[in-house]
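Right, I'll just put the structure down here and ask away after.
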Amino acid sequence: AQRAFDTSSRVNARARLRTGLTLARALSLLEESDRTTAILAELQEVSANSTDSALRKRLALLQIKNVLLLDDPSTAREMIEPILEAYRTGDEFDNLKTTTFLLAARIELSNGDQRAALEFADTAVAVSSRAENSLRHAESLTVRARTKFLAADPRGALSDARAAIEKVEAMRGDIQQLELRASYQATVQSAYEMVIDSRLLDGENTTALEA
(Lines give C-alpha, C1' and ligand atoms only; values in the text may rest on other atoms or scores of the structure.)
Protein backbone atom coordinates (compact mmCIF):
# COMPACT_ATOMS: atom_id res chain seq x y z
CA ALA A 1 0.00 0.00 0.00
CA GLN A 2 2.86 2.37 0.83
CA ARG A 3 4.59 1.57 -2.48
CA ALA A 4 1.40 2.13 -4.47
CA PHE A 5 0.85 5.48 -2.76
CA ASP A 6 4.48 6.57 -3.24
CA THR A 7 4.36 5.80 -6.96
CA SER A 8 0.87 7.19 -7.60
CA SER A 9 0.64 10.27 -9.79
CA ARG A 10 0.28 13.58 -8.00
CA VAL A 11 -1.42 14.86 -11.16
CA ASN A 12 -4.20 12.26 -11.07
CA ALA A 13 -6.12 13.28 -7.94
CA ARG A 14 -8.45 10.29 -8.04
CA ALA A 15 -5.64 7.72 -8.24
CA ARG A 16 -3.67 9.51 -5.53
CA LEU A 17 -6.71 9.67 -3.29
CA ARG A 18 -7.65 6.02 -3.88
CA THR A 19 -4.17 4.64 -3.10
CA GLY A 20 -3.80 7.00 -0.16
CA LEU A 21 -7.08 5.85 1.34
CA THR A 22 -5.98 2.21 1.08
CA LEU A 23 -2.75 3.08 2.90
CA ALA A 24 -4.55 5.17 5.53
CA ARG A 25 -7.02 2.37 6.22
CA ALA A 26 -4.20 -0.16 6.63
CA LEU A 27 -2.39 2.17 9.04
CA SER A 28 -5.65 2.77 10.89
CA LEU A 29 -6.17 -0.98 11.35
CA LEU A 30 -2.66 -1.10 12.83
CA GLU A 31 -3.65 1.85 15.06
CA GLU A 32 -0.69 3.91 13.84
CA SER A 33 -2.49 7.20 14.45
CA ASP A 34 0.47 9.54 13.81
CA ARG A 35 1.23 8.13 10.35
CA THR A 36 -2.48 7.96 9.58
CA THR A 37 -2.87 11.63 10.53
CA ALA A 38 -0.02 12.65 8.20
CA ILE A 39 -1.47 10.72 5.25
CA LEU A 40 -4.98 12.06 5.86
CA ALA A 41 -3.68 15.63 5.98
CA GLU A 42 -2.16 15.21 2.52
CA LEU A 43 -5.27 13.51 1.20
CA GLN A 44 -7.43 16.38 2.43
CA GLU A 45 -5.54 18.67 0.06
CA VAL A 46 -5.74 16.14 -2.78
CA SER A 47 -9.50 15.72 -2.32
CA ALA A 48 -10.04 19.37 -3.23
CA ASN A 49 -9.27 18.38 -6.84
CA SER A 50 -11.46 15.28 -6.85
CA THR A 51 -15.10 15.10 -7.90
CA ASP A 52 -15.53 11.51 -6.68
CA SER A 53 -18.04 11.84 -3.83
CA ALA A 54 -17.55 8.24 -2.65
CA LEU A 55 -13.80 8.74 -2.22
CA ARG A 56 -14.39 12.01 -0.41
CA LYS A 57 -16.83 10.28 1.96
CA ARG A 58 -14.30 7.49 2.60
CA LEU A 59 -11.77 10.15 3.48
CA ALA A 60 -14.19 11.81 5.89
CA LEU A 61 -14.92 8.49 7.61
CA LEU A 62 -11.22 7.69 7.97
CA GLN A 63 -10.62 11.13 9.47
CA ILE A 64 -13.38 10.46 12.00
CA LYS A 65 -11.96 7.03 12.81
CA ASN A 66 -8.55 8.55 13.38
CA VAL A 67 -10.03 11.14 15.74
CA LEU A 68 -11.56 8.25 17.66
CA LEU A 69 -8.18 6.47 17.78
CA LEU A 70 -6.74 9.67 19.22
CA ASP A 71 -9.23 9.21 22.08
CA ASP A 72 -11.62 12.04 21.26
CA PRO A 73 -15.02 10.32 20.90
CA SER A 74 -16.99 13.53 21.51
CA THR A 75 -15.41 15.23 18.49
CA ALA A 76 -15.82 12.04 16.45
CA ARG A 77 -19.53 12.02 17.30
CA GLU A 78 -19.91 15.62 16.10
CA MET A 79 -18.05 14.85 12.87
CA ILE A 80 -20.08 11.78 11.95
CA GLU A 81 -23.51 13.24 12.71
CA PRO A 82 -23.99 15.01 9.30
CA ILE A 83 -23.19 11.76 7.46
CA LEU A 84 -25.60 9.80 9.65
CA GLU A 85 -28.30 12.42 9.15
CA ALA A 86 -27.95 12.16 5.37
CA TYR A 87 -28.55 8.42 5.58
CA ARG A 88 -31.47 8.84 8.00
CA THR A 89 -33.33 11.40 5.90
CA GLY A 90 -32.71 9.97 2.44
CA ASP A 91 -32.91 6.74 0.50
CA GLU A 92 -29.19 6.74 -0.25
CA PHE A 93 -27.69 3.27 -0.17
CA ASP A 94 -24.01 2.69 -0.91
CA ASN A 95 -21.11 0.55 0.20
CA LEU A 96 -20.16 3.08 2.88
CA LYS A 97 -23.46 2.93 4.74
CA THR A 98 -22.40 -0.11 6.77
CA THR A 99 -19.01 1.48 7.46
CA THR A 100 -20.71 4.63 8.71
CA PHE A 101 -23.02 2.87 11.16
CA LEU A 102 -20.21 0.59 12.35
CA LEU A 103 -18.07 3.61 13.11
CA ALA A 104 -21.00 5.28 14.88
CA ALA A 105 -21.40 2.17 17.07
CA ARG A 106 -17.71 2.27 17.99
CA ILE A 107 -17.96 5.97 18.81
CA GLU A 108 -20.91 5.38 21.15
CA LEU A 109 -19.08 2.51 22.84
CA SER A 110 -16.19 4.90 23.50
CA ASN A 111 -18.70 7.44 24.83
CA GLY A 112 -20.14 4.77 27.15
CA ASP A 113 -23.60 4.79 25.52
CA GLN A 114 -24.25 1.08 25.01
CA ARG A 115 -27.89 1.54 24.00
CA ALA A 116 -26.99 3.90 21.15
CA ALA A 117 -24.08 1.65 20.17
CA LEU A 118 -26.40 -1.35 19.94
CA GLU A 119 -28.87 0.56 17.76
CA PHE A 120 -26.10 1.53 15.34
CA ALA A 121 -24.69 -2.01 15.36
CA ASP A 122 -28.16 -3.44 14.62
CA THR A 123 -28.44 -1.09 11.65
CA ALA A 124 -24.98 -2.08 10.40
CA VAL A 125 -25.90 -5.77 10.58
CA ALA A 126 -29.13 -5.17 8.65
CA VAL A 127 -27.53 -2.95 6.00
CA SER A 128 -24.57 -5.30 5.40
CA SER A 129 -26.95 -8.24 5.05
CA ARG A 130 -29.02 -6.33 2.50
CA ALA A 131 -25.84 -5.40 0.61
CA GLU A 132 -24.75 -9.07 0.61
CA ASN A 133 -21.29 -8.02 1.79
CA SER A 134 -20.08 -11.01 3.81
CA LEU A 135 -16.97 -9.35 5.25
CA ARG A 136 -18.81 -6.22 6.37
CA HIS A 137 -21.62 -8.40 7.72
CA ALA A 138 -19.14 -10.40 9.80
CA GLU A 139 -17.52 -7.20 11.02
CA SER A 140 -20.95 -5.83 11.96
CA LEU A 141 -21.80 -8.98 13.89
CA THR A 142 -18.49 -8.75 15.75
CA VAL A 143 -19.09 -5.13 16.76
CA ARG A 144 -22.61 -6.03 17.90
CA ALA A 145 -21.15 -8.94 19.86
CA ARG A 146 -18.76 -6.57 21.62
CA THR A 147 -21.63 -4.23 22.42
CA LYS A 148 -23.74 -7.06 23.88
CA PHE A 149 -20.75 -8.30 25.86
CA LEU A 150 -20.25 -4.88 27.44
CA ALA A 151 -23.98 -4.81 28.20
CA ALA A 152 -23.54 -8.07 30.18
CA ASP A 153 -25.27 -10.24 27.58
CA PRO A 154 -22.64 -12.97 27.04
CA ARG A 155 -25.01 -15.39 25.31
CA GLY A 156 -26.12 -12.77 22.81
CA ALA A 157 -22.49 -11.82 22.27
CA LEU A 158 -21.50 -15.45 21.76
CA SER A 159 -24.28 -15.99 19.22
CA ASP A 160 -23.16 -13.01 17.14
CA ALA A 161 -19.48 -13.93 17.41
CA ARG A 162 -20.17 -17.47 16.22
CA ALA A 163 -22.21 -16.15 13.29
CA ALA A 164 -19.33 -13.82 12.39
CA ILE A 165 -16.83 -16.69 12.47
CA GLU A 166 -19.08 -18.76 10.22
CA LYS A 167 -19.15 -15.88 7.73
CA VAL A 168 -15.40 -15.25 7.66
CA GLU A 169 -14.43 -18.93 7.60
CA ALA A 170 -16.56 -19.34 4.48
CA MET A 171 -14.48 -16.59 2.86
CA ARG A 172 -11.08 -18.13 3.66
CA GLY A 173 -8.85 -18.07 0.57
CA ASP A 174 -11.17 -15.78 -1.39
CA ILE A 175 -9.77 -12.46 -0.15
CA GLN A 176 -7.35 -10.98 -2.69
CA GLN A 177 -7.10 -7.22 -2.14
CA LEU A 178 -4.59 -6.07 0.50
CA GLU A 179 -7.11 -3.79 2.21
CA LEU A 180 -9.71 -6.56 2.42
CA ARG A 181 -7.16 -9.05 3.77
CA ALA A 182 -6.33 -6.65 6.60
CA SER A 183 -10.03 -6.26 7.43
CA TYR A 184 -10.53 -10.01 7.21
CA GLN A 185 -7.70 -10.76 9.64
CA ALA A 186 -8.88 -8.10 12.10
CA THR A 187 -12.44 -9.44 11.98
CA VAL A 188 -11.33 -13.06 12.50
CA GLN A 189 -9.23 -12.09 15.50
CA SER A 190 -11.99 -9.96 17.05
CA ALA A 191 -14.64 -12.66 16.54
CA TYR A 192 -12.57 -15.39 18.21
CA GLU A 193 -11.69 -13.04 21.07
CA MET A 194 -15.38 -12.39 21.58
CA VAL A 195 -16.14 -16.13 21.72
CA ILE A 196 -13.53 -16.57 24.44
CA ASP A 197 -14.55 -13.46 26.40
CA SER A 198 -18.26 -14.34 26.21
CA ARG A 199 -17.69 -17.89 27.43
CA LEU A 200 -15.56 -16.65 30.31
CA LEU A 201 -18.20 -14.09 31.32
CA ASP A 202 -20.84 -16.80 31.16
CA GLY A 203 -18.74 -19.08 33.39
CA GLU A 204 -17.68 -21.50 30.64
CA ASN A 205 -13.99 -21.57 31.52
CA THR A 206 -13.25 -24.95 29.94
CA THR A 207 -14.92 -24.24 26.61
CA ALA A 208 -13.30 -20.79 26.52
CA LEU A 209 -9.87 -22.44 26.66
CA GLU A 210 -10.88 -24.80 23.85
CA ALA A 211 -11.81 -21.85 21.61
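Scanning for something aliphatic (A, V, I, L, M) and at pLDDT 90 or above, does segment 18-27 turn up at least one residue?
no
Each row is one residue, and each column tells you yes or no for (1) within 30 Å of GLN114 (Cα to Cα); (2) surrounded by fewer than 20 Cβ atoms within 10 Å (Cβ to Cβ); (3) in contact (Cβ under 8 Å) with a residue 24 or more places away in the chain.
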| residue | (1), (2), (3) |
| --- | --- |
| ALA4 | no, yes, no |
| GLU31 | yes, yes, yes |
| ASP34 | yes, yes, no |
| THR37 | yes, yes, yes |
| ASP52 | no, yes, yes |
| LEU62 | yes, no, yes |
| PRO73 | yes, yes, yes |
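OK, next. With respect to ALA121, is the statement that it is within 19 Å of SER198 (Cβ to Cβ), among the small types (Gly, Ala, Ser) and surrounded by 24 or more Cβ atoms within 10 Å (Cβ to Cβ) true?
yes
Only one residue in ARG58, ARG88 is open to solvent by 30 Å² or more (accessible area, probe 1.4 Å), under 21 Å from ASN133 (Cα atoms) and out of contact with any helix residue (DSSP H, G or I) (no Cβ under 9 Å at 6 or more places or on another chain), so which one is that? Break it down into steps so the answer makes sense when it comes.
Details: ARG58 fails: out of contact with any helix residue (DSSP H, G or I) (no Cβ under 9 Å at 6 or more places or on another chain).
Going through ARG58, ARG88 in turn, just one is open to solvent by 30 Å² or more (accessible area, probe 1.4 Å), under 21 Å from ASN133 (Cα atoms) and out of contact with any helix residue (DSSP H, G or I) (no Cβ under 9 Å at 6 or more places or on another chain): ARG88.
Among the residues in segment 190-208, are any within 24 Å of SER28 (Cβ to Cβ), crowded, with 24+ Cβ neighbours inside 10 Å and at pLDDT below 90? It would help to see each step written out before you state the result.
Looking only at segment 190-208, we keep the residues that are within 24 Å of SER28 (Cβ to Cβ), and these are 190-194, 197.
Cutting the leftovers down to crowded, with 24+ Cβ neighbours inside 10 Å gives us 191, 194.
Now drop any that are not at pLDDT below 90, which leaves 191, 194.
Yes - at least one qualifying residue is present in segment 190-208.
The values are calculated or read from the model by the stated rules, or taken from the named source; none is laboratory data. Keep in mind that what you see is a predicted model, and the values were worked out from it rather than measured. Note that we place each Cβ from the backbone using ideal geometry, even for glycine, and neighbour counts take in every protein chain shown. For the accessible areas, the whole protein counts, side chains as well, though only heavy atoms, and no ligand, DNA or RNA atoms are used. Shrake-Rupley method; radii C 1.70, N 1.55, O 1.52, S 1.80 Å.
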